Every structure is written in structure tokens, then in C-alpha cells.
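Peer 1: Take this structure first; my questions come after.
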Amino acid sequence: MRILHTSDWHLGRSLHRADLRPAQEGFLDHLVDVVRSEKVDVVLVAGDVYDRAVPPVDAVTMCEEALHRLHAAGARVVLISGNHDSARRLGFGSKLLDLAGVHLRTSAADIASPVLVEDRDGPVAVYGIPYLEPAAVRSCDGFGGAAGHAGVLAEAVARIRSDWQARGIGRRVVVSHSWVTGGAVCESERDISLGGAGLVPSALFGDFGYVALGHLHGRQVIGDGIRYSGSPLPYSFSEAGHVKGSWLVEMPASGPVRAELVPAPVHRRLRVLTGTLASLLTSPAYAGYEHDFVSVVLTDPARPEGAMDALRARFPHVLVLSYQPDGVAEDGRDYRARVAGRDDLGIAAEFVRHVRGTPATIAEEKLLAEAFGAVACADGDDC
């Protein structure tokens, strides 16, 4: 059995307002090509298909076309909802789609209803565990006493275990959108934990031949047969060093599964560049980054004027600009403490220093004093 494990498409998402639709379309084209070239039997999509509960129309169209093309390429598709998705909206028409070979698992009620996929070695039972918010499933039969994500997942796995034992199927796969202990997080993930309550132990999934996880955006191996595929695109600059892709899994008739990375196409690399404005604009060392998505950290002693416009001339896809001047000691006090006891002019001058990195000049202090004087006159004070 050949399985392609992917997750966290986040269709409809942008990167600091940069349009990622062409990149997402390119990845979905790539998935279809892999299904054809590798003769994939089933594609697993482990949640967060969309970036928000009510996705934009073009994202819905993109998803619909992708599912149709994956099925037309010869694969069954098993897709679960994640914490970014609306389970009810994503699951609309699921019973009809089951008949077509596209299987949406978005409800706690369907957890123990496997998708049975046959090959020459017999059946593989694929179980889908959508993201289960403990408060939302409390009203479902059997989930009322479950505490936190770990308790809810334990109940879900117990139901699945009862089902496969009754069926007597030896090859078992589970798709789950959850945060398993040992997984490394990124800045772009929406937290599903509270004080660690969202974590679930990997031992919970010990009875399965393969566990296809979603939610964490970094591709990683948690244990034997337990993997996150990660997101197909970097959705924050914390993911700049990731190699994105999917897992191509071979599940034999018996014995351990084999998995290899299928790298995703790179639409545009992410780079974090640090230096003075002059060096970033003139140094040939940065020539290779001119077509990348760029986050810049300026180290000039004083904040340069018009820095973003200047940077865009060389790096047209610069998205983030921050300022960390070299050689300037950080004042550990909060802003209120730094301006305590100062008059209005002193507070304004401190603000100029805080924002720009250098004190206000004599001319600037004079201009500020004139502005405060004009305000006082307007309020009827003595001029």
C-alpha cells in the first residue's frame, strides 16, 4: 500500500499580506503529479485544510479542484478537519463524497468508522480523528468525562481499537490533528494548549502501523511510524530553515512501514537579513536573496529614514522590517519608568530617542516646544 501523507495546507492564508495563492496552487499541482508518478493508493490530509473557519471563495474552489484531481489521478483521499477549519462546513456532503472515494472525517461520531482501502495484500483500515476541542465534544456520547485533549484522544483511540479488534484487520492507519509530546512548534501555529493541557502522549498511538499527524508546521518524526508532514509552505519566518514536503509511505503486508520525504516545490525562499541599511543595499553578498521573501533587521546606530522604500528597490519582496541598533545598551525599565517625572517636552524628546535611537536635536526640541505652546494657546492658557 502506497500512502501520501500531507497536512496543514492553510488555503487562503497570506504571509505578511503577500499573496500565497500561486504557491499553494503549485503545491497542489505537485501533489497530483506525485500521486500519478508514484502510483499512490491513498492520500491523507491531516487537517487545517483552510486557514480559517469561513475561508474565501477562491480557497474553497482550490480545495474542490485539488480533491477532484487527486481522485482522478487514482488515489482515495482521507481528509480530516483541523483547529483552523469549521468541521461542520468542511464536512458538508461527506456521505455523498464517500461514494466517490473522497472521505471527509470531521465529526466525533465517525471516528470509529474506518475507510477500508484494498490492495493485493488485503485491506488497510484508515481511521480519521479530526481536531477534537474538549468543550465542543463534551456533549457527544462517551466524551463527557474526558479531561483535556489527552482524555478526548484516549477515548477516540479506545473506540478505534474496539472497532479494529472486531474487524480483525492487521494493517491500521490513523490520521490525527493534535499536538503530540515531543513535537517542535513554530510561530505560525495557533496554540491548542493551555499550560500543556493540549499535549497528548505518543504512546497513545502504539497500536497503529502508521500515524499521520497534522497541526505542527515542521516536518518531524515523533516515533516509529508516527510522523508530522508539516505544512507545505512556510507560513512564518520561524520556518525559514524548514525543508517542506510530504511523506511517501510504503505499508507492506507485515512488518514496519517505510517512509521517505517527497520535497515540495519552493515558490520563494524565506530569508532573515541583518545589517546596516548601507551594507544591505550595496553588498554583493546579498545578491542571491533579491527574489526571496525577506525579513530585515537593521543595526544602524540611528533609525534610517525611508528604509523600507530603499530596501524594496533591491529586495522587492521584503515583508518585515525591525530595528536592533548595534552597540546601544538596552534600558531594562519600562516606558513609564523612563519618562517618570518629566514634563511634556521631556516625554516627547524621550519618545523621539526611543523610536529613532538618537536624541532629539536642538532644532527638534525647539519645534516640539513651539508645538506644545500652540496647543496651550488653543486651550486658552496664557501665551
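Coordinate-derived values only; no laboratory data. Because the structure is predicted, anything quoted here is derived from the model rather than measured. Cβ placement follows ideal geometry from the backbone for every residue including glycine, while neighbour counts extend to all protein chains displayed.
Peer 1: May I ask for the Rg/Rh ratio of the chain, computed from Cα atoms with Rh as the Kirkwood radius, given to two decimals? All intermediate terms of the calculation are to be shown ahead of the outcome.
Peer 2: Details: Rg = 26.8 Å, Rh = 23.9 Å.
On the Cα set of the chain, Rg over Rh gives 1.12.
Peer 1: Give the distance, in whole Å, between the Cα centre of the range 47-100 and the Cα centre of the range 231-249.
Peer 2: First find each Cα centre; the distance between them is then 21 Å.
Peer 1: Top mean-square fluctuation among LEU281, LEU367, LEU233, Gaussian network model of the chain, C-alpha springs under 10 Å?
Peer 2: Highest fluctuation of the listed residues: LEU367.
Peer 1: Only sites in a loop by DSSP and with at most 16 other Cβ atoms within 10 Å count here; which GluC sites (Glu not before Pro) in the range 63-153 make the cut?
Peer 2: none
Peer 1: At a Förster distance of 25 Å, what's the computed FRET efficiency of GLU290 paired with THR358, Cβ-Cβ distance as r, to 0.05? Walk me through the numbers on the way to the answer.
Peer 2: On the way: r = 30 Å, r/R0 = 1.20.
Computed FRET efficiency for GLU290 and THR358: 0.25.
Peer 1: Cut-off under 27 Å on the C-alpha distance; same-chain residues fewer than 8 positions from LYS244 excluded. Which lysines are left, in chain and number order?
Peer 2: Within reach: LYS39.
Peer 1: Right, another one. Return the percentage of antiparallel bridges among DSSP beta bridges fully within the range 2-263, rounded to the nearest 5 %.
Peer 2: Numbers: 20 of 50 bridges.
Approximately 40 percent, going by the DSSP bridge assignments.
Peer 1: Specify which residue in the list PRO359, PRO284, ALA349 is farthest towards the positive end of the charge dipole of the range 270-378, using unit charges on the beta carbon of Lys, Arg (+1) and Asp, Glu (-1), about the Cα centre.
Peer 2: PRO284
Peer 1: Can you give the Kirkwood hydrodynamic radius for the range 1-95, in Å, rounded to one decimal and based on Cα pairs?
Peer 2: Evaluated on the range 1-95, it is 13.6 Å.
Peer 1: Using Cα springs under 10 Å in a Gaussian network model of the chain, which residue among GLN220, GLN165, GLN24 shows the largest mean-square fluctuation?
Peer 2: Judging by the Gaussian network model, the answer is GLN165.
Peer 1: What FRET efficiency do you get for LEU367 and ARG312 if R0 is 25 Å and r is their Cβ-Cβ distance, rounded to the nearest 0.05? Intermediate results must be reported in sequence, preceding the final value.
Peer 2: Numbers: r = 30 Å, r/R0 = 1.18.
Taking R0 as 25 Å, the efficiency between LEU367 and ARG312 is 0.25.
Peer 1: Can I ask one more? Cut-off 10 angstrom, C-alpha nodes, Gaussian network model of the chain. Which of GLY168, GLY74, GLY245 fluctuates the most?
Peer 2: GLY168
Peer 1: Projecting each Cα onto the charge dipole of the chain (Lys/Arg +1, Asp/Glu -1 at the beta carbon, about the Cα centre), which of ALA203, ALA264, GLY148 comes out farthest on the positive side?
Peer 2: ALA203
Peer 1: For the pair GLU133 and ALA378, how long in nm is the line joining their label points, each one 7 Å along Cα→Cβ?
Peer 2: Output for this residue pair reads 4.6 nm.
Peer 1: Looking at the range 38-140, what % of the alpha carbon pairs are farther apart than 21 Å? Please report the intermediate quantities before stating the final value.
Peer 2: Details: 1756 of 5253 pairs.
Roughly 33 percent, rounded to a whole number.
Peer 1: Compute, for the range 2-263, the length of the dipole vector about the Cα centre, with Cβ point charges of +1 (Lys, Arg) and -1 (Asp, Glu) only. Units Debye, rounded to 20.
Peer 2: Details: 25 positive and 30 negative charges, 62 e Å.
I would put it at about 300 debye.
Peer 1: Eigenvalues of the Cα gyration tensor times 5, then square-rooted: what semi-axes does that give for the range 270-378, in whole angstrom, largest first?
Peer 2: Numbers: eigenvalues 240, 50, 26 Å².
They are 35, 16, 11 Å, listed largest first.
Peer 1: Given an 8 Å cut-off on Cα distances and at least 6 residues of separation, report the relative contact order of the range 2-263 as a percent.
Peer 2: Details: 574 pairs, mean separation 51.4, N = 262.
For the range 2-263, the relative contact order is 20 percent.
Peer 1: Normalised by the residues of the range 270-378, what does the relative contact order come to in percent, with Cα pairs under 8 Å and at least six apart? Before the final figure, lay out each step's value.
Peer 2: Values: 122 pairs, mean separation 24.5, N = 109.
Dividing the mean separation by the residue count of the range 270-378 yields 23 percent.
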